[in-house]
Amino acid sequence: MSDDAQDLAPYIIPSLVGMLTYLEKEKGEDLTEVEVLDVRDRAVAIVLSKEDRRKLDEARGYQDFNPEYIWEEWCAHKNA
């Protein structure tokens, strides 16, 4: 595999932080772990290089959750 291909990874748009925050506000109560995982599993992603991901994070003003640890990161985000 070339270095260029190894540099690629999925980037979720819109952000998981944004989607979960919006959905919890609309629901009017805490999202469950099943709901959070469902949002992650249905999210749309594009494949970008590290450099392009870094630029988008800068434009967003934050780094999104790691999809592999979404429940833990979501809980930590809410308790921050």
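Note on region 14-80: enclosed helices (runs of 4 or more DSSP H) holding 3 or more residues that are at pLDDT below 95 and surrounded by 13 or more Cβ atoms within 10 Å (Cβ to Cβ) are 50-60. Using beta carbons and a limit of 6 Å, which pairs, at least six apart or on different chains, have the first residue in region 28-44 and of a type outside the set (A, V, I, L, M) and the second one assigned to a helix (DSSP H, G or I)? Matching pairs, first to second residue: GLU33/TRP71; ARG40/PRO67; ARG40/ILE70. Entry remark, region 53-77: residues being free of Cβ contacts under 8 Å to residues at least 12 places away in the same chain and more than 12 Å from the chain's Cα centre (by Cα) number 8 in total. Do we find a residue being in contact with a Leu (Cβ under 7 Å, 6 or more places away or on another chain) and charged (D, E, K, R) anywhere in region 11-33? Yes, there is a match, as at least one residue in region 11-33 is in contact with a Leu (Cβ under 7 Å, 6 or more places away or on another chain) and charged (D, E, K, R).
The values are calculated or read from the model by the stated rules, or taken from the named source; none is laboratory data. A quick note: this is a predicted structure, and the numbers were derived from the prediction, not measured. Quick reminder, even Gly has a Cβ in these numbers, built from the backbone with ideal geometry, and neighbours come from all protein chains shown.
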